[in-house]
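A.B. asks: Provided herewith is a single structure, encoded as C-alpha coordinates, for subsequent inquiry.
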Amino acid sequence: AEVGMTHDPRSVANKILDIADKSGKQLTIMQLLKLVYLANGWWLSFKNEPFTKTEAQAWQYGPVHPEVYNAFKGSGNSVIRTRATSKATGLEYRDEFAPDEVDMLKAVVDSYGDHHAFALSNIMHRPGTPWTLTVERDGLYRPIPNSLVKEHFDELRRSRSAA
(Lines give C-alpha, C1' and ligand atoms only; values in the text may rest on other atoms or scores of the structure.)
Protein backbone atom coordinates (compact mmCIF):
# COMPACT_ATOMS: atom_id res chain seq x y z
CA ALA A 1 0.00 0.00 0.00
CA GLU A 2 1.22 3.52 -0.68
CA VAL A 3 2.19 5.50 2.35
CA GLY A 4 -0.66 7.68 3.48
CA MET A 5 -3.29 5.64 1.68
CA THR A 6 -6.52 5.47 3.61
CA HIS A 7 -8.77 2.44 3.45
CA ASP A 8 -12.42 1.84 2.75
CA PRO A 9 -13.86 1.06 6.20
CA ARG A 10 -15.50 -2.06 4.73
CA SER A 11 -12.06 -3.36 3.69
CA VAL A 12 -10.83 -2.64 7.22
CA ALA A 13 -13.82 -4.53 8.63
CA ASN A 14 -13.14 -7.53 6.37
CA LYS A 15 -9.49 -7.60 7.39
CA ILE A 16 -10.43 -7.40 11.09
CA LEU A 17 -12.81 -10.34 10.60
CA ASP A 18 -10.05 -12.36 8.90
CA ILE A 19 -7.68 -11.66 11.79
CA ALA A 20 -10.36 -12.49 14.37
CA ASP A 21 -11.09 -15.77 12.57
CA LYS A 22 -7.44 -16.78 12.68
CA SER A 23 -7.23 -16.08 16.40
CA GLY A 24 -10.49 -17.90 17.14
CA LYS A 25 -12.45 -14.77 18.10
CA GLN A 26 -16.04 -14.32 17.02
CA LEU A 27 -17.34 -10.81 16.46
CA THR A 28 -20.80 -9.29 16.33
CA ILE A 29 -21.62 -6.16 14.35
CA MET A 30 -21.50 -4.04 17.54
CA GLN A 31 -17.96 -5.24 18.27
CA LEU A 32 -16.83 -4.91 14.66
CA LEU A 33 -18.04 -1.30 14.42
CA LYS A 34 -16.04 -0.40 17.52
CA LEU A 35 -12.91 -2.18 16.30
CA VAL A 36 -12.93 -0.24 13.01
CA TYR A 37 -13.20 2.99 15.02
CA LEU A 38 -10.41 1.92 17.37
CA ALA A 39 -8.14 1.04 14.44
CA ASN A 40 -8.62 4.52 12.99
CA GLY A 41 -8.01 6.09 16.40
CA TRP A 42 -4.76 4.28 17.11
CA TRP A 43 -3.50 4.90 13.57
CA LEU A 44 -4.23 8.62 13.89
CA SER A 45 -2.29 8.67 17.13
CA PHE A 46 0.73 6.70 15.97
CA LYS A 47 0.97 7.86 12.36
CA ASN A 48 -0.81 11.20 12.43
CA GLU A 49 -2.97 10.22 9.48
CA PRO A 50 -6.42 8.65 9.18
CA PHE A 51 -6.73 4.93 8.56
CA THR A 52 -10.25 5.01 7.14
CA LYS A 53 -11.46 7.12 4.20
CA THR A 54 -14.49 8.30 6.17
CA GLU A 55 -14.95 9.57 9.70
CA ALA A 56 -17.11 7.61 12.13
CA GLN A 57 -20.46 9.08 13.16
CA ALA A 58 -21.77 9.44 16.70
CA TRP A 59 -24.61 6.90 16.77
CA GLN A 60 -26.61 5.98 19.84
CA TYR A 61 -24.35 3.13 20.94
CA GLY A 62 -21.06 4.77 20.02
CA PRO A 63 -18.95 5.53 16.96
CA VAL A 64 -20.17 3.91 13.74
CA HIS A 65 -18.96 3.87 10.15
CA PRO A 66 -22.34 3.74 8.38
CA GLU A 67 -20.89 1.82 5.41
CA VAL A 68 -19.77 -0.96 7.76
CA TYR A 69 -23.11 -0.98 9.54
CA ASN A 70 -24.99 -1.25 6.25
CA ALA A 71 -22.72 -4.06 5.03
CA PHE A 72 -23.33 -6.24 8.10
CA LYS A 73 -26.71 -5.21 9.53
CA GLY A 74 -28.17 -8.45 8.16
CA SER A 75 -26.24 -10.31 10.87
CA GLY A 76 -28.42 -8.90 13.63
CA ASN A 77 -26.86 -9.74 16.99
CA SER A 78 -25.31 -12.96 15.73
CA VAL A 79 -21.66 -13.67 15.11
CA ILE A 80 -20.64 -12.37 11.68
CA ARG A 81 -19.89 -15.12 9.19
CA THR A 82 -19.90 -13.04 6.00
CA ARG A 83 -17.69 -10.33 4.51
CA ALA A 84 -18.65 -6.91 3.22
CA THR A 85 -19.26 -7.07 -0.52
CA SER A 86 -19.98 -4.50 -3.18
CA LYS A 87 -23.63 -4.42 -4.23
CA ALA A 88 -22.49 -3.49 -7.75
CA THR A 89 -19.96 -6.29 -8.33
CA GLY A 90 -20.66 -8.82 -5.57
CA LEU A 91 -16.92 -8.78 -4.80
CA GLU A 92 -15.54 -8.47 -1.29
CA TYR A 93 -14.02 -5.14 -0.28
CA ARG A 94 -10.30 -5.89 -0.24
CA ASP A 95 -7.48 -3.37 0.14
CA GLU A 96 -3.79 -4.10 0.35
CA PHE A 97 -2.59 -3.59 3.90
CA ALA A 98 1.06 -2.85 4.69
CA PRO A 99 2.73 -5.02 7.37
CA ASP A 100 2.60 -2.26 9.99
CA GLU A 101 -1.10 -1.79 9.27
CA VAL A 102 -1.75 -5.49 9.78
CA ASP A 103 0.26 -5.39 13.03
CA MET A 104 -1.89 -2.53 14.29
CA LEU A 105 -5.11 -4.35 13.37
CA LYS A 106 -3.89 -7.50 15.11
CA ALA A 107 -3.11 -5.47 18.22
CA VAL A 108 -6.60 -3.95 18.18
CA VAL A 109 -8.25 -7.38 17.78
CA ASP A 110 -6.04 -8.83 20.55
CA SER A 111 -6.67 -5.92 22.92
CA TYR A 112 -10.37 -5.41 22.37
CA GLY A 113 -11.73 -8.43 20.51
CA ASP A 114 -12.83 -10.25 23.66
CA HIS A 115 -14.68 -7.27 25.16
CA HIS A 116 -18.43 -7.49 25.05
CA ALA A 117 -19.95 -4.89 22.75
CA PHE A 118 -21.62 -3.03 25.60
CA ALA A 119 -18.36 -2.88 27.56
CA LEU A 120 -16.78 -1.27 24.49
CA SER A 121 -19.77 1.03 24.15
CA ASN A 122 -19.39 2.19 27.75
CA ILE A 123 -15.71 2.99 27.22
CA MET A 124 -16.63 5.21 24.27
CA HIS A 125 -19.43 7.01 26.13
CA ARG A 126 -17.30 8.32 28.99
CA PRO A 127 -17.29 12.09 29.54
CA GLY A 128 -14.80 13.89 27.33
CA THR A 129 -14.54 11.14 24.70
CA PRO A 130 -14.83 12.06 21.01
CA TRP A 131 -18.28 10.45 20.90
CA THR A 132 -19.54 12.41 23.90
CA LEU A 133 -18.06 15.72 22.74
CA THR A 134 -19.56 15.28 19.26
CA VAL A 135 -23.02 14.46 20.62
CA GLU A 136 -22.91 17.41 23.02
CA ARG A 137 -21.74 19.82 20.34
CA ASP A 138 -23.38 18.59 17.13
CA GLY A 139 -25.95 15.97 18.14
CA LEU A 140 -26.37 12.29 17.33
CA TYR A 141 -25.52 10.88 13.88
CA ARG A 142 -22.99 13.62 13.18
CA PRO A 143 -19.40 12.91 12.06
CA ILE A 144 -16.81 12.57 14.82
CA PRO A 145 -13.90 14.77 13.66
CA ASN A 146 -10.60 12.90 13.30
CA SER A 147 -8.92 15.78 15.14
CA LEU A 148 -10.93 14.91 18.28
CA VAL A 149 -10.25 11.21 17.82
CA LYS A 150 -6.50 11.78 17.46
CA GLU A 151 -6.37 13.96 20.58
CA HIS A 152 -8.21 11.32 22.57
CA PHE A 153 -6.00 8.43 21.46
CA ASP A 154 -2.86 10.52 22.06
CA GLU A 155 -4.11 10.92 25.63
CA LEU A 156 -4.83 7.20 25.96
CA ARG A 157 -1.35 6.46 24.74
CA ARG A 158 0.24 8.85 27.23
CA SER A 159 -1.74 7.39 30.13
CA ARG A 160 -0.76 3.88 29.07
CA SER A 161 2.94 4.61 28.88
CA ALA A 162 2.69 6.35 32.27
CA ALA A 163 0.94 3.35 33.85
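A.B. asks: Quick one: the Cα spread of the range 1-61 along its three principal axes, in angstroms, biggest first?
C.D. replies: Principal extents (Cα only, largest first): 30, 30, 18 Å.
A.B. asks: Right, next: Alpha carbon centre of the range 94-145 versus the range 1-71: separation in Å?
C.D. replies: Value for the Cα centre distance between the two parts: 8 Å.
A.B. asks: Efficiency by 1/(1 + (r/R0)^6): what FRET value for residue 54 and residue 157, r their Cβ-Cβ distance, R0 = 25 Å, to the nearest 0.05?
C.D. replies: Working: r = 23 Å, r/R0 = 0.93.
Efficiency, rounded to the nearest 0.05: 0.60.
A.B. asks: Test of understanding: in a Gaussian network model of the chain with alpha carbons linked when under 10 Å, which of 73, 22, 53 would top the mean-square fluctuation ranking?
C.D. replies: Of 73, 22, 53, the Gaussian network model singles out 22 as fluctuating most.
A.B. asks: With n ≥ 4 as the cut-off for DSSP H runs, can you work out [θ] at 222 nm for the chain, using -39500 (n - 2.57) per run divided by the number of residues, rounded to the nearest 500? Could the numbers behind the result be given before it?
C.D. replies: Values: 7 runs with 88 residues, N = 163.
Helix contribution divided over all residues of the chain: -17000 deg cm²/dmol.
A.B. asks: What relative contact order, as a whole-number percentage, does the range 1-93 give when Cα pairs under 8 Å and 6 or more residues apart are counted? List each step's numbers first, then the result.
C.D. replies: Working: 115 pairs, mean separation 33.0, N = 93.
Result for the range 1-93 is 36 percent.
A.B. asks: Also, quick follow-up: Taking a probe of 1.4 angstrom, what is the accessible area of residue 82 in Å², to the nearest 10?
C.D. replies: Its heavy atoms expose roughly 80 Å² to the probe.
A.B. asks: Further question: I want to verify a result. In a Gaussian network model of the chain, Cα cutoff 10 Å, which of these has the top mean-square fluctuation: 139, 113, 62?
C.D. replies: Per the Cα network of the chain with a 10 Å cutoff, 139 tops the list.
A.B. asks: For the range 1-129, compute Rh as the Kirkwood radius over C-alpha pairs and then the Stokes-Einstein diffusion coefficient at 10 °C and 1.306 mPa s; write the answer in µm²/s, rounded to an integer. Write down the numbers at each step before the final one.
C.D. replies: Details: Rh = 14.7 Å.
This corresponds to a translational diffusion coefficient of 108 µm²/s.
A.B. asks: Another question, then. Could you give the nm distance between label points at residue 94 and residue 46, where each point is 7 Å from its Cα heading toward the beta carbon?
C.D. replies: Spacing of the two 7 Å Cα→Cβ label points: 2.4 nm.
A.B. asks: Normalising by the residue count of the chain, find the relative contact order in percent from Cα pairs under 8 Å and 6+ residues apart.
C.D. replies: Numbers: 228 pairs, mean separation 52.4, N = 163.
32 percent.
A.B. asks: How many nm separate the modelled label positions at residue 137 and residue 114, each set 7 Å beyond the Cα in the direction of the Cβ?
C.D. replies: 3.6 nm
A.B. asks: Mind pulling up the Rg/Rh value for the range 38-111? Radius of gyration and Kirkwood radius, both on Cα. Please list the in-between numbers first.
C.D. replies: Values: Rg = 13.6 Å, Rh = 14.1 Å.
Across the range 38-111, the Cα-based Rg/Rh ratio is 0.97.
A.B. asks: I'd like the carbon and sulfur percentage of the solvent accessible area for the chain, probe radius 1.4 Å, heavy atoms only, ligands and nucleic acids excluded. Present the calculation step by step, with values, prior to reporting the outcome.
C.D. replies: Details: 4300 of 8460 Å².
With neighbouring chains kept in place, the figure for the chain is 51 percent.
A.B. asks: Let me ask something additional. Which of 59, 42, 131 moves the most in a Gaussian network model of the chain with Cα springs under 10 Å?
C.D. replies: Result: 59 has the largest fluctuation of those listed.
The values are calculated or read from the model by the stated rules, or taken from the named source; none is laboratory data. Fair warning: this is a prediction, and the values are worked out from it, not measured in the lab. A quick note on method: Cβ atoms are made from the backbone with ideal geometry, for glycine too, and the neighbour counts reach across all protein chains shown. Please note that ligands, DNA and RNA were not included when accessible areas were found on the heavy atoms of the full protein model with its side chains. Shrake-Rupley method; radii C 1.70, N 1.55, O 1.52, S 1.80 Å.
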